[in-house]
């Protein structure tokens, strides 16, 4: 649904006819004949426009524009985690850490928890790479040296590739 302007007349199946009195970032404040002042989310599909009022141009961003900007920033900073599937044979499984001293109690960890930690580690390495690449104070040579070190870290983590469902998600170290 497109952005509705203040003054637009709408119909709601429960509250009847109303007029939008405030256009907030994520919701509309609407005065209804039945129900009085009610705040309804902009994502609500129950509103039907009876009489639209032309939106006055303003410098404010729409909800869709704000979402687009936020998604871009979060992706750039690596804050949005992609969904990484665990290999099917490991789902529901446990990892048992057995000390060499059998008098000590072993530690059992659900593989999903361990896998989640591995994926978080990879995501944080990717953010570190982005920060290195965009750092203004580092020379190109320093950036390359740090990148090579991170590549070696990825190589050390290839043991955990067995847990991933998709080969596209694997850790990849330096190719020889």
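Every test in (1) free of Cβ contacts under 8 Å to residues at least 40 places away in the same chain; (2) part of a helix (DSSP H, G or I) is passed by residue 95 save one, and that test is (2).
Scanning segment 146-176 for residues that are under 23 Å from the mean Cα position of the chain (by Cα) and touching a residue at least 40 places away in the same chain (Cβ under 8 Å) yields 163, 164, 165, 166, 169, 171. Residue check: is residue 120 assigned to a helix (DSSP H, G or I) and modelled with pLDDT of 90 or more? Here the answer is no, as residue 120 does not meet what is asked. Determine if segment 134-145 includes at least one residue that is outside the structural domain of residue 42 (by TED's automatic domain parsing), surrounded by 10 or more Cβ atoms within 10 Å (Cβ to Cβ) and in contact (Cβ under 8 Å) with a residue 12 or more places away in the chain. Scanning segment 134-145 turns up no residue that is outside the structural domain of residue 42 (by TED's automatic domain parsing), surrounded by 10 or more Cβ atoms within 10 Å (Cβ to Cβ) and in contact (Cβ under 8 Å) with a residue 12 or more places away in the chain.
The values are calculated or read from the model by the stated rules, or taken from the named source; none is laboratory data. All of these numbers come straight from a predicted model, not from anything done at the bench. Ideal geometry is used to build each Cβ from the backbone, glycine not excepted, and the neighbour counts take in all protein chains shown.
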